[in-house]
1. Pairs under 6 Å by beta carbon, first residue closer than 16 Å to VAL401 by Cα in the stretch 436-463, partner open to solvent by 10 Å² or more (accessible area, probe 1.4 Å) and charged (D, E, K, R), six or more apart or different chains?
2. Which condition from (1) modelled with pLDDT under 95; (2) open to solvent by less than 20 Å² (accessible area, probe 1.4 Å) is the one that ARG132 breaks?
3. Which residues, counting only those in the stretch 58-87, are within 20 Å of VAL36 (Cβ to Cβ), open to solvent by 20 Å² or more (accessible area, probe 1.4 Å) and under 34 Å from the mean Cα position of the chain (by Cα)?
4. Of the numbered conditions (1) touching a residue at least 24 places away in the same chain (Cβ under 8 Å); (2) open to solvent by less than 10 Å² (accessible area, probe 1.4 Å); (3) closer than 26 Å to ALA160 by Cβ, LEU363 satisfies every one except a single condition; which is it?
5. All but one of (1) part of a helix (DSSP H, G or I); (2) open to solvent by 30 Å² or more (accessible area, probe 1.4 Å) hold for GLY405; state the number of the condition that does not hold.
6. Taking the stretch 180-228, which residues are at pLDDT 80 or above and at positive phi?
7. Please enumerate the residues belonging to the stretch 389-404 that are in contact with a Lys or Arg (Cβ under 7 Å, 6 or more places away or on another chain) and more than 17 Å from GLY320 (Cβ to Cβ).
8. Tell me, please, whether a residue that is in contact with a His (Cβ under 9 Å, 6 or more places away or on another chain), open to solvent by less than 20 Å² (accessible area, probe 1.4 Å) and part of a helix (DSSP H, G or I) can be found in the stretch 287-303.
Amino acid sequence: MRTAYSVETVRAAERELMAQVPEGALMQRASAGLAVACAEVLGRVYGSRVVLLVGSGDNGGDALYAGARLARRGAGVSAVLLSPERVHAGGLAAFRAAGGRVVAGEGAEGVLGRADLVVDGIVGIGGKGGLRAPASRLAGLVRESGAAVVAVDLPSGVDADSGEVAGEAVRADVTVTFGAYKPGLLVDPGREYAGVVRFVDIGLGVVLGSGGGGGGGSAEREGFSAGEVEALQYVDVASLLPMPTGESDKYRRGVVGIVAGSARYPGAAVLCVAGALRGGAGAVRYVGHAADAVIARFPETLVSAGPPSKAGRVQAWVVGPGLGDDSERLADVIGADVPVLIDADGLRLADEAAVRGRAAPTLLTPHAGEAAALLGVAREEVERGRLAAVRELAGRYGATVLLKGSTTLVSAAGGGGVVRVNPTGTPWLATAGSGDVLSGLAGALLGAGLGALDAGAVGAYLHGLAGRLAADGAPVGAHDVAEAVPAAWRDVRGE
């Protein structure tokens, strides 16, 4: 598990660890890892031209110490100091002793124009809001320079706790983060600004009790909160996949009921059924107006005229994709005493109080536009603040919420606790019907007995991986994604 911690938790862990180690030890560990990452980006250090953008505080100190190491290896290193009166004194002394050159602010344009590598040490993880002058000007010059960019701990201008970018920010090729992942590195738009994230262990895992973010679960030590965000890895997903045994039958594997599709949108039903069957359902019961299309493509489907409550035994329901305005069938499903996944038209039609009143688990799967409609805000507000939006929806509806998008997030019912962020996927998944496949897949996992949070997170992981496998760098259709789910399943299990 890759776990990200809030700034408050990271700061508390750093204070405790600093009391146990020699003064300056953490900064030396961080700067050593930063210098190694910079050298790898450069390829050849000797003779290269490196520019440090140095703000006040520890981020600037990390950059200066790393710059000193690069200078000793033969790089020509210049430092642009944004706040000379507040620069890290020890780092600056080490930098100058190694032959580093300090450049006045007006000289920044010249050195940046010749740089092979820029190290962003402007603002640390405590920064809020977009960059202000003169830092905003420097960020623009960096963008124009075309040099490779390595960010120290977090790209300047990105909110560490949310990934929000409120204005001008540095866009990095590589971000070297220390001690623990920060939510803003895993959640868009911050994730996009971070580029490739390199983790440097400085010993915080001893305090956090989780491996510091490189692996393991959430912090459990008294006095430290659990992580804010966590991303499943292959081993986590493999441990959650429901596997049949010699005693399994279709009911033990999970029977999924699907209420989807209409005369206008029969394909939504077909794709939803495809996701459920490829996702391991023991059987699929279909109720809706697209029965002929479903049977033609998947003759193993058990078709019923409805209503859903009369269709036969199911362990979970999926309702909504392509449903149109069929509110009666939706209400029938919401009244069921088994887990229910609500998507697409079902989200538009569902009564908030009825969803909150359900005793069995509910999983809502909106994209940003649907989430914005449910919250009564602009889509752009959801996309800027995805963590806040998914938590608010989960709290408002008392349901687990899977917010689809560039980074898919899953929040447990109520909106508290850790939010899971999906690390798989490809932009090629932005295609019609892809969400219908995900609904069927996650519904199959609900029917197999996974909790709503696990079903959403594992479903998103497999769906994203299937998208990568199906696309392989080229356009892909939703039906291709469904057909690639078994390959994704095998890949996760190492088969």
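The values are calculated or read from the model by the stated rules, or taken from the named source; none is laboratory data. Remember, predicted model here, so these are calculated numbers, not experimental data. Because the Cβ atoms are built from the backbone with ideal geometry, glycine has one as well, and the counts that use them run over all protein chains shown. Side chains included, ligands, DNA and RNA excluded: accessible areas come from the protein's heavy atoms. Shrake-Rupley method; radii C 1.70, N 1.55, O 1.52, S 1.80 Å.
1. Sorted first by the residue in the stretch 436-463, then by its partner, the pairs are ALA457/ARG420.
2. (2) is the only condition that ARG132 fails.
3. Narrowing the stretch 58-87 to residues within 20 Å of VAL36 (Cβ to Cβ): 58-77, 79.
When the remaining residues are screened for being open to solvent by 20 Å² or more (accessible area, probe 1.4 Å), the result is 58, 65, 69, 72-74, 76.
If the condition is that a residue be within 20 Å of VAL36 (Cβ to Cβ), open to solvent by 20 Å² or more (accessible area, probe 1.4 Å) and under 34 Å from the mean Cα position of the chain (by Cα), then ASP58, TYR65, ARG69 are the ones that fit.
4. Here LEU363 meets the rest and fails (3).
5. That leaves (1) as the condition not met.
6. So the first thing to find is which residues in the stretch 180-228 are at pLDDT 80 or above, and the list is 180-208, 228.
The answer is GLY195, GLY203.
7. Step one: filter the stretch 389-404 for residues in contact with a Lys or Arg (Cβ under 7 Å, 6 or more places away or on another chain), giving 397-398, 403.
Within the stretch 389-404, just GLY398 meets the criteria.
8. No: zero hits.
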